[in-house]
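To start, the structure itself, in structure tokens.
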Amino acid sequence: MFGVYFGKYLQDIGVLTGEQYDNIVEESRHSRVKMGLLAVNEGLMTEAQADEVNQIQAMKDARFGDIAIEKGYLTDSQVGDLLKKQGDSYLLFVQALIEKDILSLEEIQKHLNKYKKVERFTALDVDALKSSDIDKIIPIFTRDSTVPAVVKDYIAMMARTIIRFVDNKVRFERIERLNTYTSKYIASQCFSGDYELFIGICGDGDKLIGEAYAKEEFPEIDEDCLDSVCEFINICNGLFASKMSQEDATIDMLPPNMYTEITTISSEGNMFMIPCFIRGQRADIIICMESHWSIV
Amino acid sequence: MANILIVDDSRTSRKILRGVLEDAGHTVIDEAKNGQEGYDLYVQHKPDLVTMDITMPVMDGVEALKKIKGDFPDAKIIMVTAAGQKHNMLDAIKSGASEFITKPFDANQITSMIDSIL
């Protein structure tokens, strides 16, 4: 995960070519083993137990390790050991830069220091990025006291779901508050009840999300592709509603909507956008609150 | 093996469900895009089983369930929903739903559920 962020910076300042960046990210995709497979291979869980945890994970916004601990299949320390074995993304990235003779360790450290300054990252932020833990990474990009907690919670949940269903090398940028947002491609779903929210995923990145969820290639972003993105949003909203119901909040999901013409979403200051990049394609997550939005 | 009617407004969900059902040896007799269409196709085909999405335009799944069960009390209907829709599920149970499938779909769960219902 760290390589996706730091690598993009190195590409932006001309240290890495686009091709080198893509290659390193692609290679790192194969360096992380699925937790269930790892646990079974290590003889810590049976295949049936791993399947059971995967099924629970499909209905609950929780990590594999947390569910396995809850079920009594793994201990805290076993999960810790397995996480380490999954692969240290920072070291893998550094190793790739050195092995390809792109940078020395000293040069990497020099660029890393500059990167921290440019992005206004603290040492803790960099540690979070190095950890590959999405629960630690997302707060870096939603750190704005004016953003409501429900929006931050929703984005964290959607980020976890993108990693689970779409791509574990997704890169996020900082959240923005907007009054209007225009896109040719919008997949969306609203909910009513104790929380009234508009959730949209917009832009060219819809193609990759639609393809990943439907497990089908789409020649272009058409209604079938956006239907798949709508279903992906539906899954996210279901997980969110499930979490909210534990706090006694009731959420009703409305039928999804899609837009394939240039469309503008307007809001009275209650619209938030967080850009996410999947294999170089940008998809903007849009959240509008409290019914103060319109779509033309 | 059963003749099954899929009622879901999402083409993606219909496609995934069709794949799971056909892989298990069942026949998808038809597909409907909303509750009203689902009711009409139920009357036409009298399938062994219906998978019924809850959140749909025109007529939602709970309403369609009530309409079908009102006219055909022996109809077997599995409701399909995203997680976190407990109140809709309770309403559907009261109205005679046979079972629930939660999205995202789990092929093993769906096939064993259908086997136990039929």
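Lys/Arg Cβ at +1, Asp/Glu Cβ at -1, dipole of the protein assembly as shown taken about the Cα centre: which of B:Ala24, A:Gly280, B:Thr102 is farthest positive-ward?
Farthest towards the positive pole: A:Gly280.
Can you show me the helix-derived [θ] at 222 nm for the protein assembly as shown, built from DSSP H runs with n ≥ 4 at -39,500 (n - 2.57) apiece and divided by the number of residues, rounded to the nearest 500.
My calculation for the protein assembly as shown gives -15500 deg cm²/dmol from helical runs alone.
Please go through the residue pairs A:Lys8/A:Lys114; A:Lys84/A:Lys215; A:Lys136/A:Lys215 and name each one whose alpha carbons sit more than 22 Å apart in this structure.
Flagged as over cut-off: A:Lys84/A:Lys215; A:Lys136/A:Lys215.
Across the residues of A:225-234, average count of Cβ atoms on other protein chains within 10 Å? All intermediate terms of the calculation are to be shown ahead of the outcome.
Values: counts 1, 1, 7, 6, 1, 5, 9, 2, 1, 10.
The shielding value for this peptide is 4.
State whether chain A is rounded, prolate or oblate according to the following rule on the C-alpha gyration tensor (a ≥ b ≥ c being the square roots of its eigenvalues): a/c under 1.5 gives rounded; otherwise a/b larger than b/c gives prolate, and the remaining case gives oblate. Numbers along the way, then the final one.
Working: a/c = 1.66, a/b = 1.20, b/c = 1.39.
Cα axes put chain A in the oblate bin.
What is the magnitude of the charge dipole of segment A:155-249 about its Cα centre, with +1 placed on the Cβ of each Lys and Arg, -1 on the Cβ of each Asp and Glu, and no other charges, expressed in debye to the nearest 20?
Dipole size: approximately 520 debye.
Can you pull the mean other chain C-beta count within 10 Å for peptide B:78-89?
Per residue, the number of nearby Cβ atoms from other chains is 6 on average.
Under the Karplus relation 6.51 cos²θ - 1.76 cosθ + 1.60, θ = phi - 60°, what is the ordered set of whole-Hz ³J(HN,Hα) values for segment A:97-106, x standing for Gly and Pro?
Coupling constants for segment A:97-106: 5, 6, 4, 8, 6, 8, 9, 8, 4, 5 Hz.
Relative contact order for chain A: what is it in percent, counting Cα pairs under 8 Å that are at least 6 residues apart?
Value for chain A: 18 percent.
Starting with the fewest neighbours, write out A:Thr46, A:Thr263 ranked by other beta-carbon atoms found within 10 Å of each beta-carbon.
A:Thr46, A:Thr263
Below 8 Å between Cα atoms, with a sequence gap of 6+, how large is the relative contact order for segment A:94-185 in percent?
Details: 37 pairs, mean separation 16.6, N = 92.
Relative contact order of segment A:94-185: 18 percent.
Taking loop as defined by DSSP and a crowding limit of 14 other beta carbons within 10 Å, which trypsin sites (Lys or Arg not before Pro) in segment A:7-55 fit?
Of the trypsin sites (Lys or Arg not before Pro), the ones in loops of segment A:7-55 whose Cβ has at most 14 other Cβ atoms within 10 Å are A:Lys34.
Select from A:Val170, A:Gln57, A:Ile209 the residue farthest towards the positive end of the dipole of the protein assembly as shown; place +1 on Cβ of Lys and Arg, -1 on Cβ of Asp and Glu, and compute about the Cα centre.
Toward the positive end, the furthest listed residue is A:Val170.
According to the square roots a ≥ b ≥ c of the eigenvalues of the Cα gyration tensor, what is the shape class of segment A:32-168, taking rounded for a/c under 1.5, prolate for a/b larger than b/c otherwise, and oblate for the remainder? The partial results should precede the final answer.
Values: a/c = 2.63, a/b = 1.34, b/c = 1.96.
Cα axes put segment A:32-168 in the oblate bin.
If the only charges are +1 at each Lys and Arg Cβ and -1 at each Asp and Glu Cβ, what is the size of the charge dipole of segment A:10-102 around the Cα centre, to the nearest 20 debye?
200
In percent, what relative contact order does chain B have, based on Cα pairs under 8 Å that are 6 or more apart in sequence?
Result for chain B is 24 percent.
Residues with beta-carbon under 14 Å from that of B:Gly96, excluding B:Gly96: net charge, scoring Lys, Arg +1 and Asp, Glu -1?
0
Note the full-extension length gain between A:Asn113 and A:Thr75 as 0.36 nm times their separation in residues minus their Cα-Cα distance, in nm to one decimal. Working shown, then result.
Details: separation 38, 0.36 × 38 = 13.68 nm, distance 3.69 nm.
Roughly 10.0 nm would be gained on extension.
Report the label-to-label distance for A:Glu106 and A:Glu26 in nanometres (one decimal), using points 7 Å from each Cα along the Cα→Cβ vector.
Result: 3.3 nm between the two label points.
Write down the percent of antiparallel bridges among all DSSP beta bridges whose residues are both part of the protein assembly as shown, to the nearest 5.
Antiparallel: roughly 70 percent of the beta bridges in the protein assembly as shown.
If you take the beta carbon distance between A:Ile13 and A:Asn168 as r and set R0 to 41 Å, what does 1/(1 + (r/R0)^6) give as a FRET efficiency, to the nearest 0.05?
0.95
Using the Cα centre as the reference, give the magnitude of the dipole from point charges on the C-beta atoms of the protein assembly as shown (Lys, Arg: +1; Asp, Glu: -1; all else neutral), rounded to the nearest 20 debye.
For the protein assembly as shown, the charge dipole is close to 960 debye.
By its C-alpha gyration tensor, with a ≥ b ≥ c as the square roots of the eigenvalues, how is chain B shaped: rounded for a/c under 1.5, else prolate for a/b larger than b/c, else oblate? Write out the running numbers ahead of the final one.
On the way: a/c = 1.29, a/b = 1.13, b/c = 1.14.
Cα axes put chain B in the rounded bin.
Starting from the Cα of B:Lys46, draw a straight line to each of the lysines and keep only those under 30 Å, dropping any in the same chain fewer than 8 residues away.
Answer for B:Lys46, where 30 Å is the Cα cut-off: B:Lys15, B:Lys33, B:Lys66, B:Lys67, B:Lys69, B:Lys76, B:Lys86, B:Lys94, B:Lys103, listed by chain and number.
I need A:Phe232, A:Phe218 ordered by Cβ neighbour count within 10 Å, fewest first.
A:Phe218, A:Phe232
Do any chymotrypsin sites (Phe, Trp or Tyr not before Pro) in segment A:101-196 lie in a loop, going by DSSP, with at most 15 other beta-carbon atoms within 10 Å of their beta carbon, and if so which?
The qualifying sites: there are none.
I'd like the FRET efficiency for B:Ser112 and A:Glu247, computed as 1/(1 + (r/R0)^6) with the beta carbon distance as r and R0 of 35 Å, rounded to 0.05.
0.60
Given DSSP loops and a limit of at most 13 other Cβ atoms within 10 Å, what is the longest stretch of chain A that contains no such GluC sites (Glu not before Pro)?
The segment A:43-216 is the longest one with no such site.
Can you work out the FRET efficiency for the pair A:His292 and A:Asp127, with r the C-beta to C-beta distance and R0 = 35 Å, to the nearest 0.05?
About 0.40, to the nearest 0.05.
Readers should treat all values here as calculations from the given coordinates under stated rules, not as data from a laboratory. This structure is a prediction, so every number in the text was calculated from the model and none was measured. All Cβ positions, glycine included, derive from the backbone under ideal geometry; neighbour counts span all protein chains shown.
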